[in-house]
């Protein structure tokens, strides 16, 4: 009988092995994940909160056609990575919040869904190449609609900046401290129901950070966690406001579902990464505090 | 059904913790706490001081264009600097270290904590304060250092919200405070004897927030340096005084009981303690 932590460690090792193999086979000739992801990750150096080159690259084109091309290009590169990491991430989040049993169940569902959605994604991409313009306009409409929708939670810029620091620092413990901090910025704590579940949500995001930081290739994906946490926090807070019970199992399911929505969808991940980098720049640019 | 499910599944605190609840009330606890504090307090302050040294080294590296991966050699450098000019990095840290042991050379009013009063009994504590104490308790019980760090990192944004008038300014130096708290937490976590002292960190952070809020109200700009100094000063104030440390740990323990009691009640979406009520009772520091 394994305890939760041992199971999580085993999962992480398993993921690491699998992932290392993937990296060697598929990305042997590529440094990191290619230029697109580097663009997304190229924002600020953590130590001095100093902005680096490439600032403002997306400022004007954020909502334009060029931005969608960047999202698409990044999504294409992210796809094979996400196929491997998403089910693991769902399992880790589920286990950290709801216990190992909940994590395993959620992971199985995630794997099943990922097989189904993979086909959909492939067909979407095929049609995209057939009629790119048509696809872009359809996608642009959906994309803008999602962004304009007030019901979808977006984390604040400071949380994005802290997540960026968590993805860049060398020390695992320091990364976890930043993770705890951005989670606390995001998750509402006013209701008793949320207070009960709060430490488990912190544990969930911490476990997710740990998993994504395991490989340099997945490390930039840490920047997607504030979005996952914000959406999960919003859903749980809404349920709490309706007087519904928030059990650890409920919280695990909601958080795992949001993890799946972001990491299980290359377009959503790419869009989140680019938006996160832009938001983080807003915070880090003016602040140049030095000792 | 859900209530029982929650009770069954909740594992936020371990069975048997309550047997220690009288520990914090007893006078016999102080003599046991004092030697632990005597070694933990300087270690915690040095951990914050390490951040000053690290940044100085980074600046020097930039000047000479050296590219040494610091993470790899960090511990080595730490031990080296432990003995060579450890007061050079920041004179304030040096004076704190020299003043430990009851002869603290600080202006008491600057770092004096407001531990007395309503929070002792928890009824007027805001949800942020209760959650800070609860998270610190979880950190002290964590099975891994990384998990403990996550809980401690979460304390900083909650502390910043305690004084809304200064929240923006304090948030601007949040990364430095997070780094400082993480280092103090790591130092305390590594020894099983000092691990329980992690429960004093919410008190330390609340004091730090008040110190920084006072500076903001006086029109002084906040920087990483002032934030780390305020943190180190408050660490010294709490950990150099067994009575204050005991009180801080007692607050943490009570908050834990309060959250546990809440978990055993049916779910309610009602806000627990509104900040507005809290503010009415206690005037803002600013």
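The values are calculated or read from the model by the stated rules, or taken from the named source; none is laboratory data. Here the structure is a predicted model, which means the values were calculated and not measured. Don't worry about glycine lacking a Cβ; one is built from the backbone with ideal geometry, like all the others, and counts go over all protein chains shown.
Can you confirm whether the stretch B:243-257 contains a residue that is more than 21 Å from residue B:137 (Cβ to Cβ) and either away from chain A (no Cβ under 14 Å) or touching a strand residue (DSSP E or B) at 6+ places or on another chain (Cβ under 8 Å) (or both)?
No, the stretch B:243-257 contains no residue that is more than 21 Å from residue B:137 (Cβ to Cβ) and either away from chain A (no Cβ under 14 Å) or touching a strand residue (DSSP E or B) at 6+ places or on another chain (Cβ under 8 Å) (or both).
Hey, can you tell me all the residues within the stretch B:182-200 that are facing chain A (nearest Cβ under 7 Å) and buried (at least 24 other Cβ atoms within 10 Å of the Cβ)?
Answer for the stretch B:182-200, where residues must be facing chain A (nearest Cβ under 7 Å) and buried (at least 24 other Cβ atoms within 10 Å of the Cβ): just B:182.
Out of the residues in the stretch B:163-176 meeting the condition of being more than 9 Å from chain A (Cβ to nearest Cβ) and under 17 Å from residue A:181 (Cβ atoms), tell me which one is surrounded by the fewest Cβ atoms within 10 Å (Cβ to Cβ).
It comes out as B:168.
In the list A:171, A:167, A:191, which residue meets the criterion of being facing chain B (nearest Cβ under 7 Å) and either buried (at least 24 other Cβ atoms within 10 Å of the Cβ) or touching a strand residue (DSSP E or B) at 6+ places or on another chain (Cβ under 8 Å) (or both)?
Within the list A:171, A:167, A:191, the selection yields A:191.
Looking for something more than 9 Å from chain A (Cβ to nearest Cβ) and under 15 Å from the mean Cα position of the chain (by Cα) - is there at least one such residue anywhere in the stretch B:217-227?
No; the residues of the stretch B:217-227 include none that is more than 9 Å from chain A (Cβ to nearest Cβ) and under 15 Å from the mean Cα position of the chain (by Cα).
Would you check which residues across the stretch A:238-276 are under 17 Å from residue A:70 (Cα atoms), in contact (Cβ under 8 Å) with a residue 60 or more places away in the chain and buried (at least 23 other Cβ atoms within 10 Å of the Cβ) and list them?
Answer for the stretch A:238-276, where residues must be under 17 Å from residue A:70 (Cα atoms), in contact (Cβ under 8 Å) with a residue 60 or more places away in the chain and buried (at least 23 other Cβ atoms within 10 Å of the Cβ): A:266, A:269, A:270, A:271, A:273, A:276.
Which condition number in (1) within 12 Å of chain A (Cβ to nearest Cβ); (2) closer than 25 Å to residue B:94 by Cβ; (3) buried (at least 24 other Cβ atoms within 10 Å of the Cβ) is the one that residue B:238 fails?
Condition not satisfied by residue B:238: (1).
Which residue, of A:260, A:244, is more than 23 Å from residue B:256 (Cα to Cα) and more than 9 Å from chain B (Cβ to nearest Cβ)?
That would be A:260, the only listed residue that is more than 23 Å from residue B:256 (Cα to Cα) and more than 9 Å from chain B (Cβ to nearest Cβ).
Going through the stretch A:163-201 one residue at a time, which ones are in contact (Cβ under 8 Å) with a residue 60 or more places away in the chain and either within 15 Å of residue B:156 (Cβ to Cβ) or in a strand (DSSP E or B) (or both)?
A:163, A:165
Every residue in the stretch B:130-153 that is more than 11 Å from chain A (Cβ to nearest Cβ) and at pLDDT below 90, please.
If the condition is that a residue be more than 11 Å from chain A (Cβ to nearest Cβ) and at pLDDT below 90, then no residue fits.
Give the number of residues within the stretch A:277-288 that are in contact with a helix residue (DSSP H, G or I) (Cβ under 7 Å, 6 or more places away or on another chain) and buried (at least 22 other Cβ atoms within 10 Å of the Cβ).
4
Among the residues of the stretch A:219-234, how many are without any contact (Cβ under 8 Å) to a residue 60 or more places away in the chain and either under 12 Å from residue A:197 (Cβ atoms) or within 11 Å of chain B (Cβ to nearest Cβ) (or both)?
1
Take the stretch A:194-218 and flag every residue that is modelled with pLDDT of 90 or more, facing chain B (nearest Cβ under 7 Å) and more than 18 Å from residue B:183 (Cβ to Cβ).
Correct list: A:198, A:199, A:202, A:203, A:210.
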